[in-house]
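Visitor: Starting off with a structure, shown below.
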Amino acid sequence: MYTAIKHLHSYWAYLVVLIVFLATINALVKYFGKKPYESKDFRISLFALIVTHIQLLIGIVIYFVSPYFQAFSNQGMGEVMKDSTLRLYLIEHPLTMIVATVLITMGYSKHKKVLSSRPKFKKVALFYTLALLLILSRIPWQAWF
């Protein structure tokens, strides 16, 4: 079961990075191009929100069934913080991804409340860019390729 969830989490991450990247680029291009906000823009932002939340749910499941969590249970926080691999998988990666998901959720929620196009794109661009940078900073690249 762990292997299947791990593969799902890994492959879904490609989709998350792609869609969040597209939503960010879309918002930035339309913001600087002073384009009108369309239903397509809403859907792109919404899809980025959805795939990110699904990834977070998969990540929460994998967190508790992973062998890393078993090591955390056996060794304690002090040993986890000394081991860079355990620290990445048990502390840094999960917390950063939760913050990135919160940023995407905030950006999506805030952009819905704004009525004009340019501020809508500004909200999405700001929050999604920050989230994308966080996501890219804590992906375990050595395990990803």
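The values are calculated or read from the model by the stated rules, or taken from the named source; none is laboratory data. None of the values given here were measured: they were computed from a predicted structure. Because the Cβ atoms are built from the backbone with ideal geometry, glycine has one as well, and the counts that use them run over all protein chains shown.
Visitor: When only residues in the stretch 78-87 that are within 24 Å of Trp141 (Cα to Cα) and of a type outside the set (D, E, K, R) count, which is surrounded by the fewest Cβ atoms within 10 Å (Cβ to Cβ)?
Guide: Ser84
Visitor: Would you point out the residue of the stretch 34-52, among those that are among the basic types (Lys, Arg) and without any contact (Cβ under 8 Å) to a residue 60 or more places away in the chain, that is surrounded by the most Cβ atoms within 10 Å (Cβ to Cβ)?
Guide: Arg43
Visitor: Shifting gears a bit: Within the stretch 106-119, is even one residue of a type in the set (A, V, I, L, M) and more than 17 Å from Val51 (Cβ to Cβ)?
Guide: yes
Visitor: Yes or no: Ser73 at pLDDT below 90 and exposed (fewer than 13 other Cβ atoms within 10 Å of the Cβ)?
Guide: It is true that Ser73 is at pLDDT below 90 and exposed (fewer than 13 other Cβ atoms within 10 Å of the Cβ).
Visitor: State the number of residues belonging to the stretch 109-121 that are under 14 Å from Ser39 (Cα atoms) and crowded, with 16+ Cβ neighbours inside 10 Å.
Guide: Looking only at that region, the number is 4.
Visitor: From the list Glu92, Glu79, pick out the single residue that is acidic (Asp, Glu) and in contact with a Leu (Cβ under 9 Å, 6 or more places away or on another chain).
Guide: Matching residue, one of Glu92, Glu79: Glu79.
Visitor: Residues that are part of a helix (DSSP H, G or I) and in contact (Cβ under 8 Å) with a residue 40 or more places away in the chain: does the stretch 63-71 have at least one?
Guide: Yes, because at least one residue in the stretch 63-71 is part of a helix (DSSP H, G or I) and in contact (Cβ under 8 Å) with a residue 40 or more places away in the chain.
Visitor: While we're looking at this one, here's another question. Failed condition for Tyr31, given (1) farther than 22 Å from Leu15 by Cβ; (2) surrounded by fewer than 17 Cβ atoms within 10 Å (Cβ to Cβ); (3) at pLDDT 95 or above, with all others met?
Guide: (2)
Visitor: Which residue, of Leu90, Leu136, Leu132, is under 20 Å from Ile54 (Cα atoms), crowded, with 17+ Cβ neighbours inside 10 Å and either among the polar types (S, T, N, Q) or at pLDDT 95 or above (or both)?
Guide: Exactly one residue qualifies, and that residue is Leu132.
Visitor: Select from the stretch 92-145 the residues that are assigned to a helix (DSSP H, G or I), touching a Lys or Arg at 6+ places or on another chain (Cβ under 7 Å) and β-branched (Val, Ile, Thr) and list them in ascending order.
Guide: Selection gives Thr96 alone.
Visitor: Pull up the stretch 10-33, narrow it to residues that are among the aromatic types (Phe, Trp, Tyr) and in contact (Cβ under 8 Å) with a residue 24 or more places away in the chain, then point me to the one that is farthest from Ile135 (Cα to Cα).
Guide: Of everything passing the filter in the stretch 10-33, Tyr31 is farthest from Ile135 (Cα to Cα).
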